Amino acid sequence: MSLLDKLKWRYATKKMDASKSVPPEKVDEILEAVRHTASSSGLQPYELIVITNKDLREKIKAIANNQSQITDCSHLIVFAAWDDYTAQRINDAFDMTENIRNFKNDAGVAYRQMLLKNYPARGPEANFTHAAKQAYIGLGTALIAAAEAEVDSTPMEGFDPKALDEILNLKEKGLRSVVMLPLGYRKEDEDWLVKLKKVRRSNEQFVSWIK
């Protein structure tokens, strides 16, 4: 299948087969795709937490409307965004870039100073909101990468983020949970959505051209 065919094949899987596990190489491929995706100023202001522990996933299921995909999936990915853009985080990102590229230039120095001046001054809530938007870019990449690998997935916002933060001790790490993505394989005989036609707005309704 082409990538477009695989995107047509994917859907938000409602019932996953708990007996099937996604091969490690496919999980690694999906994670690497997210690691290489775009982010504002290249800061990558979020982290991925991959959970396979069954007891932990039971706790998460309880604060996520008892959605069965959380415990039936093979791997549960939590996208957790930075709780703030601090000077240290900004400096660490630019230092890493300079070290890897083995050079610095005036434009890079000026850009670093601009972020250091503007980002911390916006305040933690505005900065978390911005970082969370970057995490959603990563989520989109993960959905595409999973489809490419023919792995089922279900993006999830239906959970108590404060409770999840507590379960995963995210506050101590300067992170806040944003969205979850179970990875696994559909259980076709128990999934009410699997055989229904995919519904999307028409190209004419969705795309406008300005020439």
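Would you mind calculating the relative contact order of the range 45-94 from Cα pairs under 8 angstrom and at least 6 residues apart, reporting the percent as a whole number? Reported as a whole number, the value is 48 percent. Per residue, the chain reaches -14500 deg cm²/dmol at 222 nm when only DSSP H runs of four or more residues are counted, each adding -39500 (n - 2.57).
For the chain, relative contact order (Cα pairs under 8 Å, six or more residues apart, normalised by length) works out to 36 percent.
In this structure, the residue pairs whose Cα-Cα separation is over 25 Å, taken from LYS20/LYS173; LYS6/LYS211; LYS6/LYS195; LYS54/LYS195; LYS59/LYS162, are LYS20/LYS173; LYS6/LYS211; LYS54/LYS195. Against the empirical 2.2 N^0.38 Å (N residues), the chain has a Cα radius of gyration ratio of 1.15. Positive end of the dipole of the chain, charges at C-beta (+1 Lys, Arg; -1 Asp, Glu), about the Cα centre: which of PHE94, ALA145, VAL194 has its Cα farthest in that direction? Of the listed residues, the answer is VAL194. So, R0 is 35 Å and r is the distance between the beta-carbons of ARG200 and ALA121; what FRET efficiency does that work out to, to 0.05? In this case the efficiency is close to 0.30. Figure legend: label point modelled 7 angstrom from the Cα of LYS59 along Cα→Cβ; residues of the range 75-95 with amide N under 20 Å from it are 75-81. A DSSP coil position with no more than 15 other Cβ atoms inside 10 Å describes the following chymotrypsin sites (Phe, Trp or Tyr not before Pro) in the range 77-109: PHE103. Starting from the Cα gyration tensor of the range 71-130, take the square roots of the eigenvalues, sort them a ≥ b ≥ c, and report rounded, prolate or oblate (rounded when a/c is under 1.5, otherwise prolate if a/b is larger than b/c, else oblate). Note, shape of the range 71-130 comes out oblate. Sequence neighbours fewer than 8 away in the same chain don't count; with that in mind, list the aspartates and glutamates whose C-alpha is under 14 Å from LYS133. Excluding near neighbours in sequence, the set is GLU47, ASP83, ASP84, GLU125, GLU157.
Estimated from the Cβ-Cβ distance and a Förster radius of 45 angstrom, the FRET efficiency linking GLU188 and ASP92 is about 0.45.
Values in this text are rule-based calculations from the coordinates and carry no lab data. Just so it is clear, the structure is predicted and the values come from calculations on it, not from any experiment. Cβ coordinates were reconstructed from backbone atoms using ideal geometry, including for glycine residues, and neighbour counts include every protein chain displayed.
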